[in-house]
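Undergrad: Next up is a structure, given as structure tokens.
The values are calculated or read from the model by the stated rules, or taken from the named source; none is laboratory data. What you see is a predicted model, and the numbers here were worked out from it, not measured in a lab. Neighbour counts run over all protein chains shown; Cβ positions are idealised from the backbone, glycine included.
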Amino acid sequence: MSDLLIIGHRGAPAAAPENTLPSFLLAAQTGAQMVELDVHLSKDGKVVVIHDEMLNRTTSGTGPVMARTLASLKRLDAGTAFSPQFAGTKIPSLEEVFTSLPRRIGLNIELKTNIVNYPGLEAKVLSIVNRHRAQQRVIVSSFNWSSLNTLHRLEPQLRLGLLFNRLQPDLWAQASLLNAFSLHPALACTSSQLIWQSHSWGYRVFPWVVNNPAQVVELKTAGVDGVITDCPQAILQAME
Ligand code: G3P
Ligand code: CA
């Protein structure tokens, strides 16, 4: 199974608070080759890593992420909602993720532009990736394919992944326009036909979220190139 890319969804969120440095580091230590993370813009235009548009579910704060500066976001606790053991854990910036993770770990950066419009997020993410000379270890994905198009125009070589949770008629046309690197279907719309068709166009397939080791084996047999999972450690142990 070693050729299957194991991507920690928001890090290792079964064992540590999602989208935080402890979660990403744990995923990396336990053998994930890549971590997936979600990005938004703070009020002062910094790229910050958190899943929801609102702070309420995962942090000690309330209200929209975009209503606070990075300094204000840094005063919040992003660990206790998961477990008091992680009290004091902070919301990371994308910059910090790059400086904290070993270079061998890939990053799947999801642009969360499908609910809130964050003008300039695409260019800022590209600038951070380039500053860290990280194009070869990054895939940028989004449910908002216009955002991917913005990025493609800025940097045609950047590896892009189309996220979707239902099969859309324009999938193949859009993937071609964006010169997509990969397709990221929800598990429910992942089929042998989709995998075969994707490969015939040269796209990798990374379904999400796959937490059952038996399902990983089935998907591997069907030809997927990797899986996005909440529990990279358990999946890797089961594969051994
Ligand atoms: O990248 C796959 C997955 O992360 C997309 O859904 O809601 O977990 O960001 P969500
Ligand atoms: Ca995500």
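Undergrad: Residue check, GLY31 against (1) within 15 Å of ligand 1 (Cβ to nearest atom); (2) within 19 Å of MET239 (Cα to Cα), all met but one. Which one?
TA: (1)
Undergrad: Could I ask something else about it? Inside region 162-175, can you point out the residues that are loosely packed, with under 13 Cβ neighbours inside 10 Å and at pLDDT 95 or above?
TA: Of everything in region 162-175, those that are loosely packed, with under 13 Cβ neighbours inside 10 Å and at pLDDT 95 or above turn out to be ARG166, LEU167, ASP170, ALA173.
Conditions (1) over 20 Å from ILE7 (Cβ atoms); (2) within 16 Å of ligand 1 (Cβ to nearest atom), marked per residue:
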site: GLN157; (1), (2): yes, no
site: GLY161; (1), (2): no, yes
site: ASN165; (1), (2): no, yes
site: GLN168; (1), (2): yes, yes
site: SER176; (1), (2): yes, no
site: ASN179; (1), (2): yes, no
site: CYS189; (1), (2): no, yes
site: LEU194; (1), (2): no, yes
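Undergrad: Mind checking whether some residue in region 141-156 is assigned to a strand (DSSP E or B) and either modelled with pLDDT of 95 or more or farther than 24 Å from VAL216 by Cβ (or both)?
TA: yes
Undergrad: I would also like to ask the following. Residue under question is ALA87, and the condition is that it be hydrophobic (A, V, I, L, M, F, W, C), surrounded by fewer than 16 Cβ atoms within 10 Å (Cβ to Cβ) and either within 15 Å of the chain's Cα centre (by Cα) or away from ligand 2 (no atom under 16 Å from the Cβ) (or both); does it hold?
TA: Yes: the conditions hold for ALA87.
Undergrad: While we're here: Taking the condition without any contact (Cβ under 8 Å) to a residue 60 or more places away in the chain and either more than 14 Å from the chain's Cα centre (by Cα) or on the phi < 0 side of the Ramachandran plot (or both), does ALA67 pass?
TA: Judged against the criteria, ALA67 is a match.
Undergrad: Also, quick follow-up: Residues in region 1-24: is at least one surrounded by fewer than 18 Cβ atoms within 10 Å (Cβ to Cβ), out of contact with any Pro (no Cβ under 6 Å at 6 or more places or on another chain) and either over 19 Å from ASP230 (Cα atoms) or charged (D, E, K, R) (or both)?
TA: yes
Undergrad: Counting residues that are within 20 Å of SER147 (Cα to Cα), which helices (runs of 4 or more DSSP H) fully inside region 169-226 reach at least 2?
TA: Ranges flagged: 171-177.
Undergrad: Looking only at region 92-112, filter to residues that are polar (S, T, N, Q) and crowded, with 19+ Cβ neighbours inside 10 Å; which one of those is farthest from ligand 2 (Cβ to nearest atom)?
TA: Ranking the qualifying residues of region 92-112, first place goes to SER93.
Undergrad: Can I ask one more? Read through the list (1) away from ligand 2 (no atom under 16 Å from the Cβ); (2) in contact with a helix residue (DSSP H, G or I) (Cβ under 7 Å, 6 or more places away or on another chain), then give the number of the only condition that PHE24 fails.
TA: Going through (1) away from ligand 2 (no atom under 16 Å from the Cβ); (2) in contact with a helix residue (DSSP H, G or I) (Cβ under 7 Å, 6 or more places away or on another chain) one by one, PHE24 breaks only (1).
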